[in-house]
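Derivation of every value follows stated rules applied to the coordinates shown; laboratory data play no part. Only a predicted model underlies this, so the values are computations on that prediction, with no experimental measurement involved. Using ideal geometry, Cβ is built from the backbone for each residue, glycine included, and neighbour counts are taken over all protein chains shown.
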Amino acid sequence: MMTLKIGVIEDELIIARTIINTLEELDYKHCGAAINYSEALEMIENEKPDLLLIDINLSGKKDGIDIAEKVNELYQLPFIFLTSNSDVTTIERAKKVKPNAYIVKPFKKEELFAAIEIAFANYTNSNQKQTNTDTFAKKDFLFVKDGYHFCKVNINEIIYMSTEHNYVKITMTNDRSQLVRTTMPEILQLISANFLMQIHRRYVANLNYIDKIMGDSIIIYNETIPLSKDYKAELIKKLGINP
């Protein structure tokens, strides 16, 4: 399972440090703390967090709700509001930007953990039910989302793809790789290349780069990856090997 990277937007330094310590205790990665609107956007752009914890009340003209509006506009990230205010006016403003969760301070470690896990899971499941916007494919290439930009991947340069949790890692020639928030079935629906074949429930390999088949694994581009017995006979057939 991939460890989530959390961005913290909180202008009270003692509280920010407490939140970061709690995230570390829960084995999450973090991006440090941003204290205002401009620092928050810079942190999101540079650190590329998976989820944000946003304090609504920040010093300056723009508060956490303004940050959430910009996140919805530019980054499409799940976020959780952390606030000491639960008055009707604040909640009505917060509802308009559709946070994935809302936690009133002070909160316990267990409450934060539950909110993060449920918010991220619901956000991911909701995105998977919609048209996938993290990938876009044509005949010879694939565009994948890298942070908040789209990068072109030439399909014939894909060595293999591996899946973990809600991500697919695309390993390519020239020591390059891309991590895409999607599932293997979804990305395979976008690619029509007969040289790419599923060889394991978690792996798809480029037949052109396979160097050796060894029982329950293959060597591909000097790397060893698993080969399932359910796919082995088909792989041998596709490669034209006479057993």
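Given the pairs K108/K169; K96/K152; K5/K229; K70/K105; K70/K169, which span a C-alpha to C-alpha distance of over 26 angstrom in this model? Exceeds cut-off: K108/K169; K96/K152; K5/K229; K70/K169.
Provide the net charge surrounding P243, with neighbours chosen by a C-beta distance below 14 Å and charges set as Lys +1, Arg +1, Asp -1, Glu -1. Local charge sum for P243: +3.
Adding -39500 (n - 2.57) for every DSSP H run of four residues or longer, then dividing by how many residues the chain holds, sets the calculated 222 nm ellipticity at -10000 deg cm²/dmol. Distant-in-sequence amide contacts of H200, defined by a placed amide H-H separation under 5 Å and a gap of 5 or more residues or a different chain, comprise S228. Beta-bridge orientation, the chain: approximately 70 percent antiparallel, per DSSP, counting only bridges with both partners inside. Note that the stretch 172-178 has calculated 3J(HN,Hα) couplings of 10, 5, 6, 6, 9, 8, 9 Hz, one per residue in order, obtained from phi through the Karplus relation 6.51 cos²θ - 1.76 cosθ + 1.60 (θ = phi - 60°); glycine and proline are x. Taken one residue at a time, the phi angles of the stretch 193-210 give Karplus couplings (6.51, -1.76, 1.60, θ = phi - 60°) of 9, 6, 8, 9, 9, 6, 10, 6, 4, 10, 9, 10, 10, 8, 4, 5, 9, 6 Hz. Gly and Pro are set to x. If you place +1 on the Cβ of every Lys and Arg and -1 on the Cβ of every Asp and Glu, how big does the dipole about the Cα centre of the stretch 5-129 come out, in debye to the nearest 20? Here the stretch 5-129 has a charge dipole of around 340 debye.
Using θ = phi - 60° in the Karplus curve 6.51 cos²θ - 1.76 cosθ + 1.60, the 3J(HN,Hα) couplings for the stretch 152-169 round to 7, 10, 6, 4, 6, 8, 6, 7, 7, 10, 10, 10, 8, 6, 9, 10, 10, 9 Hz; x is entered for Gly and Pro. Among 54-62, 84-92, the peptide with the highest mean count of other Cβ atoms within 10 Å heads the list, and the full ranking is 54-62, 84-92. Counting Lys +1, Arg +1, Asp -1, Glu -1, what net charge surrounds L41 among other residues with beta carbon under 13 Å of its beta carbon? Residues near L41 contribute -4 overall.
Selection among I218, L188, H165 by position relative to the dipole of the stretch 163-243 gives L188 as farthest towards the positive end (Cβ unit charges, Cα centre). Entry note, the chain: relative contact order of 11 percent, from Cα contacts under 8 Å with a spacing of 6+ residues.
Near Y167, the amide H atoms lying under 5 Å from its own belong to T182; only residues 5 or more places off or on other chains count, and H is placed 1.01 Å from N. Amide H to amide H, with H built 1.01 Å from N, T173 comes under 5 Å of I159, counting only residues 5 or more places away or on other chains.
Set the Förster radius R0 to 41 Å, insert the Cβ-Cβ distance between H165 and E92 as r into 1/(1 + (r/R0)^6), and round the FRET efficiency to 0.05.
Values: r = 35 Å, r/R0 = 0.86.
In this case the efficiency is close to 0.70.
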